[in-house]
1. Out of A:Ile156, A:Ile192, I need the residue that is part of a helix (DSSP H, G or I) and either open to solvent by less than 60 Å² (accessible area, probe 1.4 Å) or closer than 24 Å to B:Leu90 by Cβ (or both). Which one?
2. May I ask you to verify whether B:Gly173 is among the small types (Gly, Ala, Ser), assigned by the TED database to the domain that holds B:Ile254 and closer than 28 Å to B:Ile294 by Cβ?
3. Output the strands (runs of 3 or more DSSP E) that fall wholly within segment B:144-217 and possess 1 or more residues being of a type outside the set (Ser, Thr, Tyr), within 16 Å of the chain's Cα centre (by Cα) and crowded, with 18+ Cβ neighbours inside 10 Å, or say none.
4. How many of the residues making up segment B:117-156 are among the hydroxyl-bearing types (Ser, Thr, Tyr) and at pLDDT 90 or above?
5. Can you find a residue that is within 14 Å of chain B (Cβ to nearest Cβ), touching a Leu at 6+ places or on another chain (Cβ under 8 Å), closer than 30 Å to A:Val253 by Cα and crowded, with 17+ Cβ neighbours inside 10 Å anywhere in segment A:313-321?
6. Which members of segment A:197-209 meet the condition of being under 19 Å from B:Gly113 (Cβ atoms), within 11 Å of chain B (Cβ to nearest Cβ) and in contact (Cβ under 8 Å) with a residue 12 or more places away in the chain?
7. Can you find a residue in segment B:89-107 that is in the same structural domain as B:Val306 (by the TED database), closer than 30 Å to A:Tyr298 by Cβ, at pLDDT below 90 and in a strand (DSSP E or B)?
8. Does segment A:242-252 contain any residue that is under 30 Å from B:Glu103 (Cβ atoms) and either open to solvent by 50 Å² or more (accessible area, probe 1.4 Å) or touching a residue at least 12 places away in the same chain (Cβ under 8 Å) (or both)?
Amino acid sequence: MANSMTRIVSALLNSSKGAEKLLTSRLIHSTSPVYNADVKENYIKCTLIPGDGVGPELCQAVKEVLAAMQTPVVFEEMFLSEVNPTMSVPLEQAINSIHKNKIALKGILSTPFSSLSGELQSLNMKIRRQLDLFANVVHVKSLNGIPTRHKNLDFITIREQTEGEYSALEHESVPGVIECMKIITEAKSRRIAKFAFDYATKHGRKKVTAVHKANIMKLSDGLFLKCCEETAQLYPSIKFDSMIIDNTCMQLVSHPHKFDVLVMPNLYGNIIDNLASGLVGGAGVVPGASYSSDCVIYEPGARHTFGQAVGKNIANPTAMILCATKMLWHVNLHSYARRLTDALEKVINSGKSKTRDMGGYASTTDFTRAVISNISFE
Amino acid sequence: MSLLKHCVTGGLINSFKSLPANGIAKLPIAAGVTQGQRNLQSTTISNYKAKYGGRFMVTMLPGDGIGPEMMSYVKTIFKAGGVPVDFEELNLDSTHEDIEHIEEAVIAIRRNGVALKGNIETREHSRNFRSRNVELRLRLNLFANVIHCRSQPGINTRHKNIDIVLIRQNTEGEYSCLEHENVKGVVESLKIITQSKSEQIARYAFEYARKYNRKKVTAVHKANIMKLSDGLFLNTCSEIAKEYPEIMFDNIIIDNCSMQLVSNPHKFDVLLLPNLYGNILTNIACGLVGGPGITSGRNYGIEHAVFETGTRNTGKSVAGKNVANPLAMINASADLLEFLRLDYHATVIRNSIHKVLNIEKIHTPDLGGTYNTTDVVEFIMKDVQAQTSI
């Protein structure tokens with residue numbers, strides 16, 4: 001409390017330096033940098049990878065919103081792409097930057113069906129492997145202003161994303177016969193199970209559901225399930241159950257309220273993430289995050305580049321802005337995170353600025369400006 | 001440098017994993033970790049710490065007396081410094097007779113690997129009531145209690161420039177909780193000394209001395225009377241000492257040691273102690289450098305670590321009066337940060353503590369000052385904020 005008080009006082013005392021780059025007139029007199037704008041080394045550094053498709057447009061929206069709030073975050077921006085290799089920075093550079101900054105904001109990288117070099121690993125997979133980003137978390141939450149069949153959904157899907165079907169181990173043993181290896185290991189299954197329960201503990205969730213297909217893949221998915229069951233014993237205050245993937249899909253579209261935290265192997269996670277995103281309004285409104293032990297990358301929960309909308313200024317920046325709020329929470333900038341969330345909810349609830357996916361005709365920039373003008377300055 | 005530090009705080013514990021059950025094998029020296037190994041390393045760390053995206057989850061057991069107040073101060077200071085640590089707080093009901101109640105706390109520490117703990121009051125009137133603190137240490141096998149007593153120039157004490165490390169065996173000896181009345185009016189209390197546990201603690205002490213460049217390890221005992229039990233402890237320590245020729249080793253009897261500690265404390269460097277003697281001497285040593293209000297204690301097991309105040313008292317008499325010295329718990333929280341390898345944040349907090357004690361002299365009544373607990377906390381909070389600018 002005293003902390004925010006001193007901030008407000010110093011905000012009032014300081015000159016409004018840096019105000020010239022703001023977008024609306026309302027901001028210019030109402031705030032000023034709490035952080036001395038000249039001392040950039042105190043700022044929090046965040047890697048920014050805009051990604052393909054509409055990624056750069058959405059990241060621009062986030063940058064504008066954060067700049068309008070005078071958020072003490074500087075972005076280390078680098079363009080990384082698999083479909084546009086001539087413009088891309090080397091992967092090593094991006095990895096080093098994320099490893100140094102510990103946090104990153106990332107758009108979606110599109111993955112071509114056949115790579116030029118014949119490599120089986122996609123760029124996304126390489127990032128996850130090299131940084132050991134084992135856990136993908138997607139927070140599926142209904143937003144009041146978006147009409148959907150199910151209301152008040154609030155659940156979390158947690159996906160293991162360094163092994164399973166994404167092992168990139170495929171070969172043609174005999175002409176016409178192709179084997180793709182799905183790898184499940186005990187160590188990584190335990191790790192993702194522990195992550196899911198720790199996440200549930202931290203966020204006050206009541207139940208963890210393991211999703212699997214152990215009735216058919218008795219050994220591989222069986223191992224995953226066994227690891228989840230054993231980990232659950234260390235968390236007596238959290239309920240644990242398991243569900244088969246096909247049934248989970250059906251339950252998700254008919255009774256989604258029965259879920260709280262879902263934990264699953266790689267491919268099932270990919271499918272469920274997209275299915276769940278569809279329940280609350282599509283790829284444009286659901287944020288996600290990938291965790292390693294040391295780093296975290298925030299990116300939209302359903303991974304679509306929306307390439308057909310490039311340059312049309314129609315993409316919905318909600319998911320990307322929600323990613324930014326989660327990033328702000330993570331680095332202890334709570335008041336900024338709260339104000340940004342409030343502003344975004346106000347815009348969506350009011351229903352005045354709706355992008356096409358929400359059933360309106362607002363452009364990306366209209367929406368961004370609406371968010372900025374709704375930011376409160378305490 | 002920070003890696004070296006980690007070897008004793010965190011890394012050593014890791015390397016204990018490779019010990020066979022009898023504990024005789026020599027400890028592997030923790031190897032340097034290069035960039036290329038970082039994936040592998042982060043995997044092993046997450047096996048016993050809840051660390052995701054650089055943020056840690058740590059169990060917090062506020063305990064009784066001043067514990068809950070102290071914990072709230074630690075949380076305030078961590079928030080002010082932007083420390084990437086979240087606490088899972090567990091309130092143990094100390095009025096409850098059932099010892100099984102503590103299972104929840106044990107499980108929480110096993111999950112997160114690390115805890116910050118206030119002392120839990122032990123009500124001795126009930127016969128079946130075992131101390132929850134002891135129970136916790138036994139169940140988690142926190143075999144080593146490490147207390148570093150160092151004089152602060154800003155505190156007026158009889159002896160200046162004291163710098164003693166006390167390493168105490170924490171899980172056997174008199175604290176084995178085996179007492180019975182075999183004939184009416186005759187009570188036996190069993191003191192257990194085992195070779196394997198003596199070896200474990202001795203090896204820990206010598207590894208500690210080696211890593212921190214300490215010159216001498218002194219084993220404290222009463223082998224002239226308890227020839228077999230303390231004799232075993234002393235013999236084991238002497239055996240282990242031969243593996244560390246660069247470190248001096250000697251021994252001293254507990255009664256003499258107590259006397260020397262208050263009259264001539266500078267002759268000691270690292271003290272290696274069985275359980276009960278350790279309990280007494282750590283309190284003497286803490287008293288020498290300024291009382292129970294400033295020194296922190298660290299408890300290490302093979303996979304877990306618990307951080308608490310050095311003298312382990314509840315401070316019930318000063319609870320709620322805003323006069324207790326918060327520095328012991330704040331020091332413990334800085335120990336915790338060092339263990340988690342958050343060296344930057346630990347240094348920031350240590351700097352602030354140094355300013356409170358030696359520069360600004362914001363002393364609470366236990367150090368002869370007139371300031372309140374909140375004065376100290378407020379100063380540290382502002383100072384931490386100024387140092388981190390967040």
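The values are calculated or read from the model by the stated rules, or taken from the named source; none is laboratory data. Because the structure is predicted, anything quoted here is derived from the model rather than measured. Neighbour counts are summed over all protein chains in view; Cβ atoms, including those assigned to glycine, are modelled from backbone coordinates with ideal geometry. Surface accessibility is based on the protein's heavy atoms, side chains included, excluding ligands, DNA and RNA. Shrake-Rupley method; radii C 1.70, N 1.55, O 1.52, S 1.80 Å.
1. On the way: A:Ile156 fails: part of a helix (DSSP H, G or I).
Checking each option against the conditions leaves just A:Ile192.
2. yes
3. Numbers: elements: B:144-150, B:163-169, B:179-183, B:186-189.
Qualifying strands (runs of 3 or more DSSP E): B:144-150, B:163-169.
4. In the first step, residues of segment B:117-156 are kept if they are among the hydroxyl-bearing types (Ser, Thr, Tyr); the result is B:122, B:126, B:131, B:151.
With at pLDDT 90 or above added as a condition, the list becomes B:151.
Result for segment B:117-156: 1.
5. Of segment A:313-321, the ones within 14 Å of chain B (Cβ to nearest Cβ) are none.
The answer is no; no qualifying residue exists.
6. If we filter segment A:197-209 for residues that are under 19 Å from B:Gly113 (Cβ atoms), which is where we start, we get A:197-202.
From what's left, within 11 Å of chain B (Cβ to nearest Cβ): A:197-199, A:201-202.
The answer is A:Phe197, A:Tyr199, A:Thr201.
7. The answer is yes; a qualifying residue exists.
8. Step one: of segment A:242-252, the residues under 30 Å from B:Glu103 (Cβ atoms) are A:242-243.
Pick out the ones that are also either open to solvent by 50 Å² or more (accessible area, probe 1.4 Å) or touching a residue at least 12 places away in the same chain (Cβ under 8 Å) (or both) and you get A:242-243.
So far as segment A:242-252 goes, yes, one or more of its residues are under 30 Å from B:Glu103 (Cβ atoms) and either open to solvent by 50 Å² or more (accessible area, probe 1.4 Å) or touching a residue at least 12 places away in the same chain (Cβ under 8 Å) (or both).
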